[in-house]
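The structure appears right after this line, and notes come after that.
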Amino acid sequence: MVTVIVKFDRNRKIMAGVVALLLVVILVQFSSVSAKTAKNATTASERCAFVQQLGYTVSEETAQIKEITIPSVFNDVYTGYNALQQQAGYDLERYQGKTVTQYTYTAGGEAEPILIHLLVFEGRVIGGDISTAAFDGAMKPLME
């Protein structure tokens, strides 16, 4: 039996450790973004289940549905809205120029209704927001 001993010098060990650490960080980032964008939203029940994961209860029949086109070039409003999306792990830049479906659900009481907007492309949630219906209301990202 022949034993082969491979000797690594200190610099190679450090470099191998750095490369391994970078790979782990990249895989974690990729998997968290993929998990966000992989939410099925083909059916009304899937969309309602997604909203329920956010902490809200909505009815399948109450959705307002409309088609919107994500602009090919973002203005200041869309740049700000995309920054909100990125807080939740979404990014609308990949959908620039695409037509998506926006589902709007209402939750909460009549005095202070909460609007949940889901942006869906090819049966997947790609973004959205939670906002109050008031003119000067707040808007926050879809966070589980």
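The values are calculated or read from the model by the stated rules, or taken from the named source; none is laboratory data. Note that this is a predicted model, so its numbers are computed, not measured. Using ideal geometry, Cβ is built from the backbone for each residue, glycine included, and neighbour counts are taken over all protein chains shown. All accessible areas refer to the heavy atoms of the entire protein, side chains included, with ligands and DNA or RNA removed. Shrake-Rupley method; radii C 1.70, N 1.55, O 1.52, S 1.80 Å.
Taking the simple approach of a point 7 Å from Cα along Cα-to-Cβ for both residue 124 and residue 102, what is their distance in nm?
Going from the residue 124 label point to the residue 102 one covers 2.2 nm.
Any chance you could get the radius of gyration and Dmax over the Cα atoms of segment 75-127, in Å?
Calculated on Cα positions, Rg and Dmax stand at 12.7, 37 Å.
Per the Debye formula with a single identical scatterer at each Cα and no solvent contribution, what log10 I(q)/I(0) holds for segment 41-144 at q = 0.10, 0.11 Å⁻¹?
-0.26, -0.31
Using a 1.4 Å probe and counting only protein heavy atoms, arrange 121, 135 so the residue with the most accessible area comes first.
135, 121
So what's the net charge close to residue 42: Lys and Arg +1, Asp and Glu -1, counting the other residues with Cβ under 14 Å from its Cβ?
Around residue 42, the surrounding residues sum to 0.
Between residue 86 and residue 61, what length comes free when the chain is fully extended (0.36 nm per residue of separation minus the Cα-Cα distance, one decimal in nm)?
6.1 nm
Ignoring ligands, DNA and RNA, what percent of the accessible area of segment 34-144 is carbon or sulfur (1.4 Å)?
Looking at segment 34-144 in its full context, I get 50 percent from C and S.
Please work out the C-alpha center-to-center distance from segment 37-56 to segment 58-135 and express it in whole Å.
Here the two parts' Cα centres lie 13 Å apart.
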